[in-house]
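Pasting a structure here, questions to come.
Derivation of every value follows stated rules applied to the coordinates shown; laboratory data play no part. This one's a predicted model, so the numbers in the text were calculated from it and none came from an experiment. So basically every Cβ, Gly included, is an ideal-geometry build from the backbone, and we count neighbours across all protein chains shown.
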Amino acid sequence: MIIKIIEIIRIAGASFGIYWAYNIGMATGTPAESVLHIITPWILVSIAGTSAIEGLFFGKQAAAEKGFKNEGSYAFQSRIALLSYALIGLLVYFMNWGTNAELTIMLTFMFFMSFSAINHGYQAIAHKNYHWANLNRPFLTALLIVVLWYPVINTLF
């Protein structure tokens, strides 16, 4: 049950952050940079932060919920990586390190999410592991890429 609650918090937090970033950011003189500035901590804390907490404190339940036989000691590295994305995202935001730092942490996180989506899709197809996380991760990651396309591309170019 706790894993489902964390999943709801993850999706709700990311959804609100996206709404908030576009609602506030688009009304500024530099909309792409403003959206990126607002969306970065929301996405990183909502997705990476909750995933890290889920794995670090509820690893066995999370593995079972996703259809894996065990949580695996190696998975601990992913949890720490996710925690680092969230913490560095907050540091970049609160220290106001600027657009390049926001782009760097967001692109790094999105590469991780893209490969994670590929892995979950593979688990669903190759191993017939049709648990919710394996089915929704590729689609939610694609949606996240669409949402981030405007601020990332318009800030880069």
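Quick one: Karplus J couplings for the range 12-17, per residue in order, coefficients 6.51, -1.76, 1.60, θ = phi - 60°, nearest Hz, x for Gly and Pro?
Working through the residues one at a time gives 5, x, 5, 4, 5, x Hz.
Further question: Under 15 Å from a point 7 Å along the Cα-to-Cβ line of K69: which residues of the range 118-138 have their amide N that close?
Flagged as within label range: 127-129.
Could you identify which residue out of G55, G13, G98 has the top mean-square fluctuation in a GNM of the chain using Cα springs shorter than 10 Å?
G98
Just how far, in whole angstrom, is the range 109-145 from the range 20-88 if you go by their alpha carbon centroids?
The two parts, judged by their Cα centres, are 15 Å apart.
Same structure again: Principal axis lengths of the chain from Cα atoms, whole Å, largest first?
50, 28, 25
In square nanometres, what is the average projected area of the Cα convex hull of the range 65-157?
Working: hull surface 27.2 nm².
Hull-based average projected area comes out at 6.8 nm².
To continue, here is another question. Could you work out the Kirkwood radius for the range 104-157, taking every pair of different alpha carbons, averaging 1/r and inverting it, reported in Å?
Working: mean 1/r = 0.0846 Å⁻¹.
Over the range 104-157, the inverse of the mean reciprocal pair distance is 11.8 Å.
Can you compute the helix-only [θ] at 222 nm over the chain? Use -39500 (n - 2.57) per DSSP H run of at least 4 residues, normalise by all residues, nearest 500 deg cm²/dmol. Mind showing how you got there, number by number?
Working: 6 runs with 126 residues, N = 157.
Theoretical 222 nm ellipticity from helices: -28000 deg cm²/dmol.
Stick to the Cα atoms of the range 11-60, pair each with every other, and give me the Kirkwood hydrodynamic radius in Å at one decimal. Walk me through the numbers before you get to the answer.
Working: mean 1/r = 0.0875 Å⁻¹.
Mean inverse Cα-Cα distance, inverted, gives 11.4 Å.
Angle, helix 31-43 long axis vs. longest principal axis of the chain, Cα atoms, 0 to 90°, nearest 10?
Computed tilt is about 30 degrees.
Starting from 0.36 nm per residue, how many nanometres of slack lie between N119 and N154 once their C-alpha separation is accounted for? Write out the running numbers ahead of the final one.
Numbers: separation 35, 0.36 × 35 = 12.60 nm, distance 2.91 nm.
Answer, rounded to one decimal: 9.7 nm.
Which whole-number percentage describes the relative contact order of the chain, with Cα contacts under 8 Å and a sequence gap of 6 or more?
Computed over the chain, the figure is 23 percent.
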